[in-house]
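Here the structure comes first, spelled out in structure tokens, and everything after it is commentary.
The values are calculated or read from the model by the stated rules, or taken from the named source; none is laboratory data. Not measured: the values here are computed from a predicted model. Cβ atoms come from the backbone with ideal geometry, glycine included; neighbour counts cover every protein chain shown.
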Amino acid sequence: MAAHERQSGVATATASALSPRRLMLLTGLLVGAFAFLFFGKAQEEVAARKTETALRVSEAASDCASAANVAVMTGAPVRQAIAACRPPGAVVVYHLSAAGDVLASAGPREDVRVEAADAQGLALSQRGRIEAPLKTGRAALAWRPLDNGEAVMVAAPAHDIYGRTPPWLFYLLVLSSIAVAIASLMAAFIRQSRAAALAAGAVDTLEQSALAFANGRAGWWRFESGPRTVTIARSVLEAIGLGARDRTFTLREITAIVHPEDLRAALAVMAGDISGVTEGAVRLRLPQGGWSRVYFRTAPDATRFNRSGAVFDLSGASAAAPAAALAELRLKDAIESIPDAFVLWDANGRLAAWNRRFAAVFRIDTKALAPGMTATEVASAAPAGAETISAYFTPDAPIGEESVEADVGGDRWLKIVRRRTAEGGLVCIASNITEAKRRLRAQKKKERELEATVSDLEASRRDLSETMRNYEIEKRRAEEANRSKSEFLANMSHELRTPLNAINGFSEVMQSELYGPLGDAKYREYVSDILSSGQHLLELIDDILDMSRIEAGKLALEPRRIELERVLEECVRLVAKRAGDAGVKLTASVGHAPAVFADPRAAKQVALNLLSNAIKFTAKGGDVTLTAEADLDGVTVIVADNGAGISKDNLARLGQPFELIEDHFAKTLKGAGLGLALSKSLMEMQGGILAIASTEGRGTVACASFPRRRDARVRLPAFIRSEAHVLTAPTPAPTAPKRIEAAE
């Protein structure tokens, strides 16, 4: 009794130590530790991003100050210089006066807006960098003075220049995954603890029932339907003097020892009949004479052909249902209510009790189990899992009193708990932990994938940083090369134009014979060739310089409302003599052309290029037509000819600088291949469309669509829309007037 009380105390203490409240507290502490760790990592990431932003802003301020100084020296627009050097991200570059007024800016000012009041309190005459609160939020500011007393300031959001996802969001997702996994494991552990506590209570009930059986002179009985025999435990037979061992009686022998008045009730309880009687008191004949009263009760799961139950000696008792019977019923209900597999062995290693869950786990027929069976007999009765029963569930298993996890095959796992009883028996409880194992494996897989993802992200970030550094280096090199090219072309323009102007001027004087006749007619022919070649070379130089300024972003347009009809008529007058000399009939019908929103010089150059190309590639006796078609959004200038035409393969090559389409007709013509490239760039800068449709041997139709108002989106006429090859896509027209820079 003392040992039993000690075991009960240990079980109570264990259940108290593993209460759900304490497990929830431990879970909360563990999740809190992870949260504290992730909070620190997120703070480090935020600090790193702020440091990176400050460094990027300082570097951009130095680069933009250098670009602005160059622009000031060359007379180029400072706005374009700071726009070209603006780094990627939510960065705004400001051009400030010496007093702090904003002269120009480049970048999304809705993200970082620096007002004059914010800049006036800074020492703009010196290099500086601060983090300041603005109306749009805290921003990292860096400024550099310019040679003319002005300054360049670079501003970006202080928390992150690239506007990336906050780092705390990533760590919050990781923490949520870990919390869910830990909560699942804790829930499974709580269920296991509750099952163990329930099993411990069942063991206590079983021990109490065993004591009641011993003190109350009770036992068991079993009916075999095949031979029609009844087996009664010796604990009852010995008490009433009918034997000292378990005995098996035939129904005839039962008839002999049962009182005639109780025979019908006894046979109904033992053999089962349609009356449905399951319990009752029966008088048995004593060897020495007289009668002994016993009480038979049928088990709840008994059937007509498989019946068993309990029997109690009622000698000297007046109650029909003794306390031992009630204890036996409570014990059986408790064992069956355990959700896990339960089996109990007595001190002699014999099967004492089990539940249906145990039989179901190992696929044992409930008819094959009986009290008093050995472990070997129980294992042999299991069609699946006999090795598991022998290794973990038998009293002589080598694992002792331990809690182990066993793989029972088919990806099924059991957690087996073994404990000794006070009388030396053994109770085994097995819980199904297959789902918990699968969740744990899935969680570990997710953790490994998450670690791999984090590692990949770190590697990608390092690669991106290296790429950004290389990009900055290459960008500076390209800018230097572009600047050198622009300077070279600008210098060469003076060097080439000066002698060409002299050649052309003297040629014109000689051609006009201002100072007297030239003499031989051959001289006049040579003078005409010299003048024609010089003018052609001057046109090529002008085209090359215009193209270089467009590529460098230094050719600015000033779009405004212009009379397209007047521009086209002027273009017709300029090319009329060339068409007459080439023997090409030029027809123009532009009297109805409405006004457009475009740069007059650019519109004139595009129209001249299209007319010149049409005349150049049309044979003598051919026709060139100039018309205009208008809609609500734009006006399309259409130049059509019946010249040599262009094949479909060569159409895709048009619009590239220095691209010449060579064929049997064009090989004899002069040109550098810049006319369409310039026209394409000029139309893109004005928000227009340049398209060409052509059929080899039949002629070409070139279309230039101009917007009729600011920000209008133009489209080609319907008759050519499906067949035209578009050299440039439509873009919004410029929203603010820009001045045209000098060519030199």
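Does Phe488 satisfy the criteria of being part of a helix (DSSP H, G or I), within 25 Å of Gly75 (Cα to Cα) and of a type in the set (Phe, Trp, Tyr)? In short, yes. The set of residues in segment 244-261 that are of a type outside the set (Val, Ile, Thr) and in a strand (DSSP E or B) comprises Arg247, Phe249. Selection within segment 591-617: residues that are part of a loop (DSSP other than H, G, I, E, B) and free of Cβ contacts under 8 Å to residues at least 40 places away in the same chain. The member of this set that is nearest to Phe706 (Cα to Cα) is His592. Taking the criterion of being assigned to a strand (DSSP E or B), over 15 Å from Glu336 (Cβ atoms) and in contact (Cβ under 8 Å) with a residue 60 or more places away in the chain, the residues of segment 292-308 that qualify are Phe296, Asn306, Arg307.
Looking only at residues that are touching a strand residue (DSSP E or B) at 6+ places or on another chain (Cβ under 6 Å) and either over 13 Å from Glu279 (Cβ atoms) or assigned to a helix (DSSP H, G or I) (or both) in segment 309-324, which one is modelled with the highest pLDDT? Within segment 309-324, the match that is modelled with the highest pLDDT is Asp313. Consider segment 78-101 and keep the residues that are surrounded by fewer than 18 Cβ atoms within 10 Å (Cβ to Cβ) and under 43 Å from the mean Cα position of the chain (by Cα). The one that is nearest to Met468 (Cα to Cα) is Pro88.
Checked against the criterion of being touching a Phe, Trp or Tyr at 6+ places or on another chain (Cβ under 7 Å) and either in contact (Cβ under 8 Å) with a residue 40 or more places away in the chain or under 15 Å from Asp313 (Cα atoms) (or both), the candidates Ala271, Ala239 yield just one match: Ala271. For segment 91-103, the criterion of being of a type outside the set (Asp, Glu) and touching a His at 6+ places or on another chain (Cβ under 9 Å) is met by at least one residue.
Being farther than 21 Å from Ala478 by Cα, surrounded by fewer than 22 Cβ atoms within 10 Å (Cβ to Cβ) and not assigned by TED's automatic domain parsing to the domain that holds Ser465 is a property that Ala139 lacks.
Arg330 satisfies every condition listed in (1) assigned to a helix (DSSP H, G or I); (2) modelled with pLDDT of 80 or more except (2).
The residues of segment 557-603 that are surrounded by fewer than 19 Cβ atoms within 10 Å (Cβ to Cβ) and in contact with a Lys or Arg (Cβ under 6 Å, 6 or more places away or on another chain), listed by number, are Glu558, Gly583, Ala595. Being of a type in the set (Ser, Thr, Tyr), in contact with a strand residue (DSSP E or B) (Cβ under 8 Å, 6 or more places away or on another chain) and either crowded, with 16+ Cβ neighbours inside 10 Å or in a helix (DSSP H, G or I) (or both): is that true of Thr388 here? For Thr388, the condition - of a type in the set (Ser, Thr, Tyr), in contact with a strand residue (DSSP E or B) (Cβ under 8 Å, 6 or more places away or on another chain) and either crowded, with 16+ Cβ neighbours inside 10 Å or in a helix (DSSP H, G or I) (or both) - is met. For first residues located in segment 343-356 and aromatic (Phe, Trp, Tyr), partners that are in a loop (DSSP other than H, G, I, E, B) and lie 6+ apart or on another chain with Cβ distances below 8 Å form the pairs Trp345/Thr394; Trp345/Pro395; Trp345/Gly425; Trp354/Leu369.
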